[in-house]
Every structure is written in structure tokens, then in C-alpha cells.
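The structure under discussion appears below in the form of C-alpha cells.
The values are calculated or read from the model by the stated rules, or taken from the named source; none is laboratory data. If you're wondering where the values come from, they're calculated on a predicted model, not measured in any experiment. All Cβ positions, even for glycine, are placed from backbone atoms using ideal geometry, and neighbour counts span all protein chains on display. Accessible surface areas use protein heavy atoms only, side chains included; no ligands, DNA or RNA. Shrake-Rupley method; radii C 1.70, N 1.55, O 1.52, S 1.80 Å.
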There are 2 protein chains.
Amino acid sequence: MKIESVDLFYLSMPEVLDIGDGSQDALVVRVRAGGHEGWGECEASPLTSIASMVAPMSHSACKPISASVIGQTLNDLKDISRLGRLMHDNSFDLLQADHTWSGIDMALWDLMGKKLDEPVWRLLGYSSAYPKMPYASVLFGDTPQQTLQKGRTARENGFRAAKFGWGNFGKGSLQEDVDQVMAAREGIGADGILLIDAGTNFGDDADAAIQRAPVMKDCNVTWFEEPFVKDAFEQHVALAKACAPVKLAGGEGSHNPYMAKHMIDHCALGFIQIDAGRIGGISGAKQIADYAASRGVTYVNHTFTSHLALSASLQPFAGLREPRISEYPFEPKALAYDLTENHIERDANGEISAPDAPGLGMTVSKAALKQYLQDVEIKVNGQVLYRTPAVD
Amino acid sequence: MKIESVDLFYLSMPEVLDIGDGSQDALVVRVRAGGHEGWGECEASPLTSIASMVAPMSHSACKPISASVIGQTLNDLKDISRLGRLMHDNSFDLLQADHTWSGIDMALWDLMGKKLDEPVWRLLGYSSAYPKMPYASVLFGDTPQQTLQKGRTARENGFRAAKFGWGNFGKGSLQEDVDQVMAAREGIGADGILLIDAGTNFGDDADAAIQRAPVMKDCNVTWFEEPFVKDAFEQHVALAKACAPVKLAGGEGSHNPYMAKHMIDHCALGFIQIDAGRIGGISGAKQIADYAASRGVTYVNHTFTSHLALSASLQPFAGLREPRISEYPFEPKALAYDLTENHIERDANGEISAPDAPGLGMTVSKAALKQYLQDVEIKVNGQVLYRTPAVD
């Protein structure tokens, strides 16, 4: 079959707040081919990714993403990786390309799963989708008291694990950070799994991050996430030594599989966190699930948006028994929750699984698309290169 | 002073060909502050970079580039690095940001140079701008005969060094590549400096690239450039061993200084090639000039566009005596040549230098801006976020 159309829908909350909450807008991708439809989501600046889809060619390695997908043949799974390579060859000087492609790759897997009547995880070669323990992923409160309350709320909602991140952590004094981590521990309870996310706030300042090592150990933190920018190899290694047995986590910013492999090889990580909406989709993420397993590093999904993105992010490691923990957006904005008609709910044990249904197993809500849709028009020399497509 | 405006001008040739020639379009940046004006150029997909400048905020780390520059204070050189850090904090989840920022950073240096009446290389701490030996940078011909002729033309134009790249090199048979390299050697002459650029065509296939090692040695090639995608560390190391004494060159795709440092540390490079239009501007490039010197790796500019970009790319290593060689666009499209009223011409010795004039020392041609300007309009929900600004 031929890929007939690739439509990008930019959704947004009426107001986007200046906080580290990635569920406030979304770029949703719809691919149509041979009477089938697949959906994906890019974790990226929607308008920038739309522009990368339609931008006029600059030269042979800087073509719009559309050049590598619309009208192309999609008959079997090998075509998905073939198109990914084609996109790289056509667009490797277009920096935004990897983020845009990520949503398209997801949609191609979803479409092929629906065509073949199989869940994506089975197409990836897994025989089962093992349940994972979701952690409630929340932002630090502005005060330790708010953080404590967030932890209690997560606990009351049945979460045995919670991650606190971003906010002012790493931006203020050591004592403020200590108070925040202690409040988080108190909130989630002594037996809860506690994860702390600095959101790269230490930049490349190893000393500042190392000052936080004692409280991480004292509070029995399971991982200390994104202390630094992803490329600060040496700083990660120094901090990993100071923090042991607390492990480091990172990798969500990787926009190709190589970057995640380099972090596994050179950053002394205990956990590699992959956002399928950035690394090139399910195809790129699966490469890292395999590689992490071979290196004894635990693979975890990074997901702070919709359940469509959550399903896509669970697929690459769904069939691995070992990585038990998974990120679960706990306080998403209405847009991110409303985007799908069905949701990945916790089972009686409080665990989640990738859906046992064709493709990604999620039904995108047309009502939500209409409600949150942003009306975009891009013109060059009077020619409309992009206009928000119709939902139907 | 306050940064009053940052204007982006998208220029293009009437027709953009599907060849590896980056001089066919340009995104030119004009920054105004305190009665001064600075100019820069982004090496990127112009429309995508424009979108990244104005895209609505997605969350606290995914803001438009404009948020980190318009209205900001610019009093001294430290403000340039401060704004670069601010941009990173504000936009590290916006992948295109580094390319867009590169042109802005150049323009900020140009502006400060004009304000302080000093060339940028002096502001970078250098006391002299040493002459460099330019190599003619050309694409492989479609046939060895065409390549031979291109080499002769470069020689006849007084170039003692030439680089042949892209085209079909690495995409066809071993014999075809051997014939191309031999033709290039014949064209530039036995005593010419010959450089070969595979344009990442070997992907991550080390074996295929290693098959080309004998002809590189036989033809006394000085460097074998971009054999692989930039992140293929192990493949670079394997090829470097097979090619010695021919050295590897690479790094032009680095979109932050870390990536270039990693290539220096892990890819066994002899030459690190930096495009100031991608790595975060002159600020990022200077970091690598310093780092490369400390690691015994030779820094070379990557420039395939205008003489504005050429000046920006020469500044970061202008004051280093050692790296003698520099890329010089030999067959640029009219747009890239016309963009500046003055040009960096070869002196009596056939060498070039960063201009000894305030800022980048280049005068942008308003006539060229008008001639090649593309008319762009981006609207979201009826609001115009970007419209091509007036040239005056």
C-alpha cells in the first residue's frame, strides 16, 4: 500500500503555564494508507515540527520530512525502518527532524498493527506484555509542604512509587533541596519508591549535584534523574560514584539511538529513560531497550503527555520481564487525558500493561481533537504549505 | 543597551537543486540594539528555524527562541554567553533551537564588535588573525572525468588544496569510489592537498568505509571526512586505524559543544570541523577551538554558504597559528556570493584571513536581501506570529 496522507494536528490548552509540564500541548500525527489509519504523538514544539514537515528543501540532506513519507510504500514492518533511514538521509541537516519523525514512526507502527491485527509489542517480537509498576510522575511543589501533600495524594491514589521533579529543585540552596527531598519521602511513605528528577538544573556543575548526594542516600532514593545536561559525560560519572548505591537516571533528551547508547556507555547510568516521542519513535526506542538489556542498564519509558504517547512508550519494553517500573502521567492537563477515548488504567495490583489490542490499542477522540485544535497556516511566497487539516 | 529587535530573513535561489550544496538558501539574522546592528547566518532549514523563533511555548523548557533574546540586556561580552545559557534553559526541549541560536550568537558578536570597534577575533582574546590556506570545497562530479576537471579548475584558480565531497561517493561500488578519488588526485595535481568527504554516506557500516582505506592511502589523501553519521564512535575508531596515516575529519553536524568534544574524545579524529552556524555560533565554536588545541586535534571551519558565515567561522580559530587550513566555498550559488558587498579574498600568497575590521567585517547587501527574499507568513489562531520583515 501507499502512504496517502500524513496529517499533523496541533492541540493546546487555552493557557500554557511556564512550568515543566509537558502535557499542555501536543502534536498528534495521523497517517493513512490502504484504508488503515495510524496515530502517533511528537514530544516537541508543535509549530516547529509542523514547519519541518513542509519546509522547502535547502539541499539534498535538508529536505522536508514529508519527502520521506508521503506517497511511499508501506507493505511490511521492514518498510518502517527503511523509511526511517530514508528520512535520515534526506533530512540529517534539519535538526528538528528526529522529533517530528518520532510521531510519524509511532503512527506507522499503529497502522501496521491495525492492518495485521496485532499489538505493536507482538510485532516487535515479544510474546507477552508484562505488567509494569507505574510511578506517579509529578512536579515538586513550590514548598516542601506542597510536595509532602503531593506525595500523600499519590499514595492515597494507590501509587507505591512517585517521582518528584523540576520546579525549583537545583536552582536554590542546598537546604531547600534537602527539605524538598525529605518532604517527598515523608509524603510517599517510608516504604514507597522515591525518585528525584533535577530536570538538568545542575547544568554541568558536578560539585553542586554532588552536594545533594547525602540526602539522596539518607532518603533512600531509587534514582537521581537528569542532574546534568545529557552530554556531560564526566559529570555523570563523578556523581554516580558519590551517590552510590543511589543510581542515576537520564536519557529522555536523546533524539537518536546513538545518543542514548552513548549515555549508557559513558554516563554510568542505572536507568536509561527513553521518550519514544523524541528518539525516532518506537523503532529507535526498541533499539535502546535491547541495548540497555545487553549492558545491564534498566530501561524506563519517559512519558509526560497523553495515553497515546504512554502506549507508544510502553511497547518497546513491554515484553521484557525485568524492567518493572514505568512512568505514568499522574496530573496531566485535560488535553492529554481527553486525547484518547480509552486509557491505560491500573489493574487490581496497581500495575499497567501495554494494551492487548491491535496497534497501539488507543482510540483517539475526535471530540478532543476538535476541542483543543489550533488553527495554523504557513505560507511561503503566497503558497499555503500547511493549513490545519480537518479532523474527519 | 536592550536588544530591540531580532529579524530573520529567509533567502533562496529561485530553484533549489537536490544536490549537497548548502549555498542555495540562507537564513540571515539581524539584531539591533543601542543604535548598532549585527548580522549572522543560521546553517539550517530556514522555515523551521523561523518557526522555532516564534512557536508558542509548550512548557518551561520549550519556549520560543525569541523569549531569550528580544528585550534582553546586552552591555558586554559576558551577556552573550549569559543569553546562550538562558536560551538553553528556556528551550532545551526545542530541538531546532541550537541551529537558530547559532545565527543569533553570530549577530550578537558582530554587533558587540561594531560597538567596541574591534574585530570579533580580538574580542575572543586573540592578538592577531593569522592567514589560513583555503581549500576549494567542491562536490564530486557525476563522473570521474568531471571530478578531474573540477580539480584542474581549482588548481587553475590558484588553490593548492581541494576537497571533493558528497555526490555519489559511498553510494555505489568500491571501484567507482576508487576512480573518483584517483581522478580528484589527478585533477588537483600530485603536490596538491587532497581531501575527501563522504558526507556520512557509509552510515554506520565500518566495513564498507574500510574498503576505501587503500585508495585514500595510495592517493595520499590528507583527510577522509564524515565517513559515518557523527554518533558512530566505534566505527570511526576502527576506520582511523585502517586509514592511518590518512586522518579522519568530522564534526560539522555538532549542534552543541559537547557533541564536538565527544567526537574529539571518542572518534580518533585528526581534524574537527565546526560549523559556527550550527554549534551555537561563535561562542560554541570558540570552546571547541580551545578544546581541540588542548587535545592535539586540528580545528577547521566548516563553511559552505556565504562570506558572512565564512567570516563567522574563521573568527574562533583566527588567532591560532597552527591550524593552517580552512574551508573556502569555491562554487557558491549567486545568493551566497551576493549576500555580502565585500568578500574574503585570497591574498598574494593565496591565503585568507578573518577581516581586520569591526565585528565580522562584512557588509550585508540590502540589494541581495531584497533580490532573494522569501515572503513568509505564519499564523496561529488568526494571529500573525511571523511575517517577513522589511529589509530597511
Task: Unique residue being open to solvent by 10 Å² or more (accessible area, probe 1.4 Å), assigned to a loop (DSSP other than H, G, I, E, B), touching a residue at least 12 places away in the same chain (Cβ under 8 Å) and touching a Lys or Arg at 6+ places or on another chain (Cβ under 7 Å) when the list is A:Asn220, A:Asn201, A:Asn168 - done: A:Asn201
Open item on the list: Against the conditions (1) over 14 Å from B:Phe233 (Cα atoms); (2) within 14 Å of chain A (Cβ to nearest Cβ), where does B:Ala289 fall short? Just the number, please.
Closed with: (2)
Task: Sole residue being β-branched (Val, Ile, Thr) and out of contact with any strand residue (DSSP E or B) (no Cβ under 6 Å at 6 or more places or on another chain), chosen from A:Val221, A:Val237 - done: A:Val237
Open item on the list: So in region A:171-198, with the set limited to residues that are in contact with a Phe, Trp or Tyr (Cβ under 7 Å, 6 or more places away or on another chain) and part of a helix (DSSP H, G or I), which one is nearest to B:Asn256 (Cα to Cα)?
Closed with: A:Asp177
- [ ] List the number of the failed condition for A:Thr363; all other conditions in (1) touching an Asp or Glu at 6+ places or on another chain (Cβ under 9 Å); (2) buried (at least 21 other Cβ atoms within 10 Å of the Cβ); (3) away from every other protein chain (no Cβ under 14 Å); (4) of a type in the set (S, T, N, Q) hold.
- [x] (2)
TODO: Give the residue that is farthest from A:Ser294 (Cα to Cα), with candidates limited to residues of region A:259-276 that are aliphatic (A, V, I, L, M) and open to solvent by 10 Å² or more (accessible area, probe 1.4 Å).
DONE: A:Met259
- [ ] Check whether at least one residue in region A:250-258 is in contact (Cβ under 8 Å) with a residue 12 or more places away in the chain, on the phi > 0 side of the Ramachandran plot, assigned to a loop (DSSP other than H, G, I, E, B) and surrounded by 20 or more Cβ atoms within 10 Å (Cβ to Cβ), and report yes or no.
- [x] yes
Open item on the list: Please list, ordered by residue number, the helices (runs of 4 or more DSSP H) wholly in region A:40-153 having 1 or more residues that are open to solvent by 40 Å² or more (accessible area, probe 1.4 Å) and at negative phi.
Closed with: A:77-91, A:97-116, A:120-123
TODO: Quick one: count up the residues across region A:375-385 that are more than 9 Å from chain B (Cβ to nearest Cβ) and crowded, with 22+ Cβ neighbours inside 10 Å.
DONE: 0
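Okay, residues lined up against (1) more than 8 Å from every other protein chain (Cβ to nearest Cβ); (2) closer than 20 Å to B:Gly199 by Cα; (3) aliphatic (A, V, I, L, M):
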residue	(1), (2), (3)
B:Leu11	yes, no, yes
B:Val16	no, yes, yes
B:Val31	yes, no, yes
B:Ala44	no, yes, yes
B:Met53	yes, no, yes
B:His59	no, no, no
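Yes/no matrix, rows are residues, columns are (1) assigned to a helix (DSSP H, G or I); (2) touching a residue at least 60 places away in the same chain (Cβ under 8 Å):
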position: B:Ala276; (1), (2): no, yes
position: B:Ile288; (1), (2): yes, no
position: B:Ser294; (1), (2): yes, no
position: B:Phe304; (1), (2): no, yes
position: B:Leu314; (1), (2): yes, yes
position: B:Arg321; (1), (2): no, yes
position: B:Glu331; (1), (2): no, yes
